[in-house]
Amino acid sequence: MTEDQRPRAADAALAAALFACSPPGSLITLPGDDPPTARWPGVLLTGVACAALLWHRGRPRGTAAVTIACAVAVSTLGYVLTALLLGPLMVALYWLAVRTDRRTANTFAFSTIALLVGTGLITGPDDEPLVLKVLGPTAWLLLPTALGTVVRLRGDHLEAVRARAEHAERTREEEARRRVTEERMRIARDLHDVVAHHLLLANLQAGAVARMLPARPEEAGRIVADLSGTTSSALREPKSTVGLLRRHTDNTAAPPGGEAAPGSDRPPTPTPGLAELPELAASFRHTGLTVTLTVEGDPRPVAAGVALTAYRITQEALTNVTKHAGSRSAGVRLVHTHDGLVLTITDDAPPRPAGPSAPSGGYGLIGMRERARSVGGRIRMGHRPEGGFEVVAELPVRP
């Protein structure tokens, strides 16, 4: 038997069982009354109502209407309305409550009760108690309607729970993809800042060595020693960045309660922060750029992510000064406020002709904006009227 045939077979079996109850139901009378001379009208009407139940899945309203009409006709003929004769109507109202909304189910139920009670009062046996005429049909019809409503509400609740679970699963997947994208962007910014900074320093130092080697070999030798440190940093910092990503991936891939991947327990390489700003400023001396670092205010504990952001913004701004400004001096001013940091980087380039004062292109400028936003800060940058370029970053103490 296929999946489609099973519900139909169950409906047919239920209709047959209800129809089997109609002959004895049509013989029930009140105490002292004679049984009806002909019981076939009640059996026939109940059979029509039972046959209508075969379509209750697709047409619940039509099925309920047919069973209501049959029940009213049975009441008009003077039969005592018991559960044996009202069985098809009770089943129809149950499925109507399951498959439709509460208003529809209540409208059908109370309209049917009014019809049956009114018909019983008009055409029913005179000696039948009033309580039986009113409470009997009311109780028999409200019961299936209430049960059907409870089943429908429970099904709606389970469907809502399932929908929320699916939405939560989709949200988790989207959040995971968003975090992966943000992590890739962060790593791309780090690699851009590190590689651009160190390659620029290495290029300038190599050029200085080529110029000084014939006439000033000792000074050229010192620059070569600094060049070795620059290239070592250029190798070390990208390796640290990639290693951080590798540890993050290994720890994420490790099963709950299991062991992390080999090597993931190695201590992480310290990330640069505010304490490394003097060293960063000094690294530009061989490029011909003199960087003055000024710190104001009372230092407060700063989150590592904010400190790294301040370091990278300073690094990128000074690198841009070296590449584009042609300045010989730059200033870095770090102000500790009660709720954050104010970082200002300026240079002494000559004034520019009239035009846009806040360029928006270049990966370096884009990266500085993204870094400031990533920790909840803001940044502004542009050419100063008196000359030079200015970068002002306002960063919170904690992201």
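List of remarks:
- When Glu394, Glu390, Glu370, Glu386 are checked against the criterion of being surrounded by 14 or more Cβ atoms within 10 Å (Cβ to Cβ), at pLDDT below 90 and among the charged types (D, E, K, R), Glu370 stands alone in meeting it.
- Of the residues Gly42, Gly87, the single one that is in contact (Cβ under 8 Å) with a residue 60 or more places away in the chain and surrounded by 24 or more Cβ atoms within 10 Å (Cβ to Cβ) is Gly87.
- Any hit, region 117-139, residues being of a type in the set (S, T, N, Q), open to solvent by 50 Å² or more (accessible area, probe 1.4 Å) and either closer than 22 Å to Thr46 by Cα or at pLDDT 90 or above (or both): yes
- The C-beta contact set for region 109-121 (first residue in contact (Cβ under 8 Å) with a residue 40 or more places away in the chain, second residue of a type in the set (S, T, N, Q) and surrounded by fewer than 23 Cβ atoms within 10 Å (Cβ to Cβ), distance under 8 angstrom, 6+ apart or interchain) comprises Thr119/Thr76.
- Residue match in region 280-299 (condition: open to solvent by less than 40 Å² (accessible area, probe 1.4 Å), modelled with pLDDT of 85 or more and of a type in the set (Ser, Thr, Tyr)): no
- For the residues Gly361, Gly273, Gly340, the requirement of being among the small types (Gly, Ala, Ser), modelled with pLDDT of 85 or more and farther than 15 Å from Glu394 by Cα singles out Gly273.
The values are calculated or read from the model by the stated rules, or taken from the named source; none is laboratory data. All of these numbers come straight from a predicted model, not from anything done at the bench. No Cβ is skipped: glycine too gets one built from the backbone with ideal geometry, and neighbour counts run over all protein chains shown. Heads up: the accessible areas ignore ligands, DNA and RNA and are worked out on the full protein's heavy atoms, side chains in. Shrake-Rupley method; radii C 1.70, N 1.55, O 1.52, S 1.80 Å.
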